[in-house]
1. Express the carbon and sulfur contribution to the solvent-accessible surface of region 39-137 as a percent, rounded to the nearest whole number, probe 1.4 angstrom.
2. Using only Cα atoms and rounding to the nearest 10 degrees, what angle (0 to 90) does helix 142-156 make with the longest principal axis of the chain?
3. For region 77-133, which chymotrypsin sites (Phe, Trp or Tyr not before Pro) pass both filters: DSSP loop (anything but H, G, I, E, B) and at most 15 other C-beta atoms within 10 Å?
4. I want to check the label-to-label distance for residue 92 and residue 63. Put each point 7 Å from Cα in the C-beta direction and report it in nm to one decimal.
5. Could you state the accessible area per residue of region 1-121 in Å², with a 1.4 Å probe and every protein chain left in place?
6. Report which label in [x] 1.05; [y] 0.94; [z] 0.98 holds the value of Rg/Rh (Cα atoms, Kirkwood Rh) derived from the coordinates of this structure.
7. Within region 86-126, name every residue whose backbone N is under 17 Å away from a label modeled 7 Å from Cα of residue 136 along the Cβ vector.
8. How far is it, in nm, from the label point at residue 45 to the one at residue 157 when both lie 7 Å from their Cα along the line to the Cβ?
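The values are calculated or read from the model by the stated rules, or taken from the named source; none is laboratory data. These numbers were taken from a predicted model, which means no experiment stands behind them. With ideal geometry, Cβ positions are generated from the backbone for all residues, glycine too; neighbour counts draw on all protein chains shown. Ligands, DNA and RNA are excluded from the accessible area calculation, which covers all protein heavy atoms including side chains. Shrake-Rupley method; radii C 1.70, N 1.55, O 1.52, S 1.80 Å.
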Amino acid sequence: CDVKVNGSCGLHVHIDAAGFNMATWRNLALSYKHLEPVIDRFMPASRRDNYYCKGLGHVSDETIRSARTVNELKNRIGNRYHKVNLEAYSRHKTVEFRQHSGTISFTKIENWVCFLDRMITFASVGSLPAGIRLEDFPFLGEKQKLYYKLRTKKLAV
């Protein structure tokens with residue numbers, strides 16, 4: 001199809017969130033915030049913190065934990081231009097992940113979608129602590145951990 005991407009492109013993934021309870025929303029926001037430094041290392045520099053893909057570091061853990069509704073949590077995070085976009089919920093009943101770079105690589109897309117799916121499944125029962133290392137992500141198998149270790153190494157050069 002002669003498709004091309006460049007550094008201004010992003011892969012935005014929407015995942016159905018219609019069945020999420022508030023604990024899942026809070027766990028997801030906390031986990032992504034805590035994983036963000038690790039995720040940043042396996043993303044290109046253009047997707048680490050730009051206007052259309054801002055991080056969650058500006059939101060305190062307590063601010064996330066005290067949110068009583070999805071709308072309240074969304075307002076605390078900010079507009080849709082964040083790595084995790086909760087505004088998508090009111091419009092589509094999804095949570096949108098905006099951090100991945102644009103790609104036509106099936107391997108990159110497959111690994112990212114699996115990562116997000118497993119992280120959300122984990123968020124239904126708990127959140128991950130700050131400072132966690134890639135090797136300790138409980139929702140990734142050894143194959144996925146190796147994939148992301150190699151991506152981190154490649155993007156560190």
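1. Values: 2450 of 4870 Å².
Carbon-and-sulfur percentage of accessible area, whole number: 50.
2. In the chain, helix 142-156 runs at an angle near 70 degrees to the longest axis.
3. Details: sites: 81, 89, 97, 106, 112, 115, 122; in loops: 81.
For chymotrypsin sites (Phe, Trp or Tyr not before Pro) across region 77-133 that sit outside H, G, I, E and B with at most 15 neighbouring Cβ atoms in 10 Å, the list reads 81.
4. So the label points at residue 92 and residue 63 sit 2.5 nm apart.
5. On the way: 5900 Å² over 121 residues.
Accessible area per residue, region 1-121: 49 Å².
6. [y]
7. 126
8. In this crude spin-label approximation the distance works out to 1.6 nm.
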